[in-house]
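Worksheet: one structure, shown below.
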Amino acid sequence: MDIYEKMHNGDLYATDNEQLMNDQTVCLERLYDFNLTRPSETEKRQSMLKEMFADIGSNCYIEPPLHANWGGKHVHFGNNVYANFNLTLVDDTHIYVGDYTMIGPNVTIATGGHPILPQLRERFYQYNAPVHIGRNCWIGAGAIIVPGVTIGDNSVIGAGSVVTKDIPSNVVAVGNPCRVLREIGERDRKYYFKDREIDGETLQMP
């Protein structure tokens, strides 16, 4: 079986493959260039992201520096995705992020894993599992999302959380390991932070 197939079907494969490393280096060179762009070069950044990513929708913004194993080659962003600085994408296989999702600073989204058996790690073996993040999610600062996880639409992941299992839609989830704290409900239609009320004139709620 082709090593590129193994990257995306969950099989073990050796990462010291010469062709694999050469292809990865090309992607990392482009990522290096992206991280050297100036804040005023927004159009240049957008053009580069369209070349670097598997898919990237309209009105997406990623604050450099961005870190990605394959420079975004296996990353799929919807429309209006925002990612703050130091986003780390271990994109050895596919990462999917839905429309309007916001990603805080220093977030890690990882698809690559390594066997527990030491002898396999000595031989550079790895396996990958895709990550799916839904529409209109908020991933808090410093969160870590591990291989194979799915996060449902509209959910909020608290800062510093380590997401090791699937999270359903429409919940607030926090902790290490990350667990559902509560559902998003009526109180969230009134208050945006502690006892601070949402101004109805500023935001008309449906």
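The values are calculated or read from the model by the stated rules, or taken from the named source; none is laboratory data. These numbers come from a predicted model, not from an experiment. Cβ sites come from the backbone with ideal geometry, for glycine too, and all protein chains shown count toward neighbours.
Output the residue which, of all residues in segment 55-101 that are β-branched (Val, Ile, Thr) and in a loop (DSSP other than H, G, I, E, B), is surrounded by the fewest Cβ atoms within 10 Å (Cβ to Cβ).
Looking at residues that are β-branched (Val, Ile, Thr) and in a loop (DSSP other than H, G, I, E, B), I get 93.
Residues in segment 195-202: is at least one assigned to a loop (DSSP other than H, G, I, E, B), of a type in the set (Val, Ile, Thr) and in contact with a strand residue (DSSP E or B) (Cβ under 9 Å, 6 or more places away or on another chain)?
Yes: one or more hits.
Which residues, counting only those in segment 164-189, are surrounded by 21 or more Cβ atoms within 10 Å (Cβ to Cβ) and either of a type in the set (Gly, Ala, Ser) or not in a strand (DSSP E or B) (or both)?
Hits for segment 164-189 are 173, 178.
Please verify whether residue 97 is touching a Gly at 6+ places or on another chain (Cβ under 8 Å), among the aliphatic types (A, V, I, L, M) and closer than 30 Å to residue 169 by Cβ, treating the condition exactly as stated.
Answer is yes for this residue.
Report, by residue number, each residue of segment 105-163 that is assigned to a strand (DSSP E or B) and of a type in the set (Phe, Trp, Tyr).
125, 127, 138
Being under 20 Å from residue 37 (Cα atoms), of a type in the set (Gly, Ala, Ser) and under 10 Å from the mean Cα position of the chain (by Cα) narrows it down to one residue among 110, 83; which is it?
83 is the lone residue from the list that is under 20 Å from residue 37 (Cα atoms), of a type in the set (Gly, Ala, Ser) and under 10 Å from the mean Cα position of the chain (by Cα).
Would you say residue 33 is modelled with pLDDT of 95 or more, surrounded by 12 or more Cβ atoms within 10 Å (Cβ to Cβ) and within 24 Å of residue 130 (Cβ to Cβ)?
So residue 33 does not fit the description; no.
List pairs: first residue in segment 37-49 and under 15 Å from residue 71 (Cβ atoms) and of a type in the set (A, V, I, L, M), second residue at pLDDT 95 or above and surrounded by 13 or more Cβ atoms within 10 Å (Cβ to Cβ) anywhere in the structure, Cβ distance under 6 angstrom, at least six positions apart or on different chains.
Matching pairs, first to second residue: 48/34; 49/56.
Given the conditions (1) within 18 Å of the chain's Cα centre (by Cα); (2) under 30 Å from residue 24 (Cα atoms); (3) without any contact (Cβ under 8 Å) to a residue 60 or more places away in the chain, and given that residue 94 satisfies all but one, which numbered condition is not satisfied?
(3)
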